[in-house]
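Scroll down for the structure; my scribbles are underneath it.
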Amino acid sequence: MWIVISENIKIALEAIKGQFLRTVLTVLIIAIGITALVGILSVITALRNTLEGNFSTLGANTFMVTRYENNYRAEGSGTTQKVHPYLTYREAEQFKQQLASPFAKVSIALNVATSAEVKYENKKTDPLAVLMGIDEYYIANSGLEIAQGRDLNEFDLANNSRVCLIGSDFQNTLLKEVDPIGKTISVRGFSFTIVGILKEQSSSFGNYENFQVLIPLGIARNAFVVAQPDYQLKVSVDNKDKLDAVVADATLLMRSLRGLAPLQENNFGIERSDDLLHRIGNITNVLTIAGFLIGMITILGSSIALLNIMLVSVTERTKEIGIRKALGAQRRFIILQFFTETLLIAQIGAVSGILLGIGIGWGISKAAHFVFTIPWGVIFIAIGIALFVAVLSGLYPAVKASKLDPVEALRYE
């Protein structure tokens, strides 16, 4: 049987060489379909990796107290939404003190500026830096790490020391070829000594996670004017089994701090990190299904093209088929011959499409700063689809060829 298969492969390769231009066009059509499928799903996979990586750094045991619930829709969405008050410093400080426990750590942060200009000696950055005031638990609760130097300590916070932590991007711009530790930078007229550098974070969608300056919360409150300060509360729990209980305690505490009656709705939101990951998963699943459908529609067109080309091939080689049948070739060998040819063309197109799709996916992911990984699952799906295309497009022409009458086939010109 192996001899028959190898012989059919040789015949198929000779046929492909004999109609090279037609084969190239067919392979190109199939490759476009596979490229669309692999490319789209590669980018979606990279997007999922990036989003999940960004949020998973927070851990599964954290939650945030925010101004609005996570399903809040902004003004202009067509619905009327009650405006919730900002989280004040009094509320944040009382929340931190009253929720404090051996297994729950509360951090307070304040976004002072999102477009600050940072200066070092005679150099300065574009006004893109994020300036935040933080406390002793912010780094751990936000999933950040110190790459060099140290974190802000209790002395810094208690004495409002003019020290700061900076993002990794400053080493590539403002402080290039300089050891940043101990250097003094200036932000909006206030000088800070750098004591630590944050580990590089995965950055996407134009966010500047690596271009931020973190200073003691007291300095941020007293030195910088914020029109409507909205404090951020993050809570980490040392055991996931205790998370539900801590969330319930946090909800009751915030209701009490805001003076809400038992029947009044919450005028704040609780966002759990595992809920964020779940929502991300749902969104990327929808995108994956949409990408798969787009790719399948393209592949359906390539299947029809391959079917037509194989039917033309059968018609052009009618006399050859008649000679083979006159020499005793059985129907199953005729079917195998044409099916092998279709299978080879489909797999050449699949391999070409996979390589192009991965290349396009990698290029887009690189440009968008996504975390790209080779989507092996998508590759195996593409190979399986190419096999299905070969069966769908090659079986009918092969069966048609096997049913030709040898006498009529020999007379065909």
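Each reported figure results from applying straightforward, stated rules to the coordinates on display, with no laboratory input. This is a predicted model, so every value here is computed, not measured. Counting neighbours? That spans all protein chains shown, and the Cβs are built from the backbone with ideal geometry, glycine included.
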Please work out which option in (1) 1.12; (2) 1.48; (3) 1.17 gives Cα Rg over 2.2 N^0.38 Å calculated from these coordinates, and answer with its label.
(2)
For the peptides 173-182, 298-307, 335-344, what is the packing order when you average, over each peptide's residues, the other Cβ atoms within 10 Å and list the highest mean first?
335-344, 298-307, 173-182
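Want the number for GLU316 to ILE294: 0.36 nm per residue separation, take away the alpha-carbon distance, what's left? The partial results should precede the final answer.
Values: separation 22, 0.36 × 22 = 7.92 nm, distance 3.39 nm.
Once the chain is fully extended between GLU316 and ILE294, it gains 4.5 nm.
Using Cα-Cα distances under 8 Å and only pairs 6 or more residues apart, what relative contact order does the chain have, in percent?
Details: 693 pairs, mean separation 125.5, N = 413.
Averaging sequence separation for qualifying contacts and normalising by length gives 30 percent for the chain.
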For the chain, with a Gaussian network of springs between Cα atoms less than 10 Å apart, report the residue from SER393, SER101, SER142 with the top mean-square fluctuation.
SER101
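Would you please give the FRET efficiency between VAL391 and ALA368, computed as 1/(1 + (r/R0)^6) with r the Cβ-Cβ distance and R0 = 35 Å, to the nearest 0.05?
Numbers: r = 37 Å, r/R0 = 1.05.
Step by step, r from the Cβ atoms, then E = 0.45.
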ASN160 paired with SER186, simple spin-label distance in nm, labels 7 Å along Cα-to-beta-carbon:
2.1 nm
With angles folded into 0 to 90 degrees, how steeply does helix 2-18 sit against the dominant principal axis of the chain? Use alpha carbons for both and round to 10.
90 degrees
Label-point separation in nm, SER115 to GLU69, each point 7 Å along Cα→Cβ
3.3 nm
Check cross-link reach from LYS319 to the lysines: straight Cα distance under 21 Å, and skip same-chain residues fewer than eight apart.
LYS10, LYS17, LYS400, LYS403
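Using Cα-Cα distances under 8 Å and only pairs 6 or more residues apart, what relative contact order does the range 85-267 have, in percent?
Values: 347 pairs, mean separation 58.2, N = 183.
The normalised contact order for the range 85-267 reaches 32 percent.
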Among the range 375-390, those whose backbone N falls under 16 Å of a label point 7 Å along Cα→Cβ from ASN285 are none
Give the angle, between 0 and 90 degrees and rounded to the nearest 10, that separates the Cα long axis of helix 20-56 from the longest principal axis of the Cα atoms of the chain.
20 degrees
Within a Cβ distance under 13 Å of ALA250, other residues only, what is the Lys/Arg minus Asp/Glu net charge?
+3
Using a Gaussian network model of the chain whose springs link C-alpha atoms within less than 10 Å, name the residue from ILE185, ILE381, ILE166 with the highest mean-square fluctuation.
ILE381
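Would you mind checking LYS105/LYS176; LYS119/LYS199; LYS105/LYS199; LYS242/LYS366 for any pair whose Cα atoms are more than 29 angstrom apart?
Details: LYS105/LYS176 36 Å; LYS119/LYS199 21 Å; LYS105/LYS199 22 Å; LYS242/LYS366 39 Å.
Table pairs above 29 Å Cα-Cα are LYS105/LYS176; LYS242/LYS366.
Order these peptides, 397-404, 226-233, by their mean beta-carbon neighbour count within 10 angstrom, highest first.
Values: 397-404: 19.8, 226-233: 15.0.
Answer by packing, highest mean first, reads 397-404, 226-233.
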Between PHE95, PHE190, PHE211, which gets the highest mean-square fluctuation from a Gaussian network model of the chain, Cα cutoff 10 Å?
PHE190
Mind pulling the angle between the C-alpha long axis of helix 273-316 and the longest principal axis of the chain? Nearest 10 degrees, somewhere in 0 to 90.
20 degrees
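Can you tally the net charge around GLU209? Count Lys and Arg as +1, Asp and Glu as -1, for every other residue whose Cβ sits under 10 Å from the Cβ of GLU209.
Details: positive: none; negative: ASP169, GLU200.
Here the charged neighbours net out to -2.
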Could you compute the net charge surrounding TYR138? Neighbours are other residues with a C-beta less than 11 Å from the C-beta of TYR138; K and R count +1, D and E count -1.
-1
Subtracting the Cα-Cα distance of ALA326 and LEU28 from 0.36 nm times their residue separation yields 103.7 nm
Between the range 333-384 and the range 141-183, how far is it from one alpha carbon centroid to the other, in angstrom?
46 Å
Label-to-label distance, nm, for residues given as ASP179 and LEU252 (7 Å Cα→Cβ offset)
5.3 nm
Need the C-alpha centroid separation for the range 92-107 versus the range 231-295, integer Å.
18 Å
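How do the peptides 354-362, 109-117, 255-263, 282-290 rank, highest first, by the average count of neighbouring beta carbon atoms within 10 Å per residue? Display every interim value, and only then the final one.
Values: 354-362: 19.7, 109-117: 17.2, 255-263: 11.2, 282-290: 13.6.
The peptides rank, most packed first, as 354-362, 109-117, 282-290, 255-263.
Quickly estimate the mean residue ellipticity at 222 nm for the chain, helices only: each DSSP H run with n ≥ 4 gives -39500 (n - 2.57), and the total goes over all residues, rounded to 500. Display every interim value, and only then the final one.
Details: 12 runs with 219 residues, N = 413.
That comes out to -18000 deg cm²/dmol.
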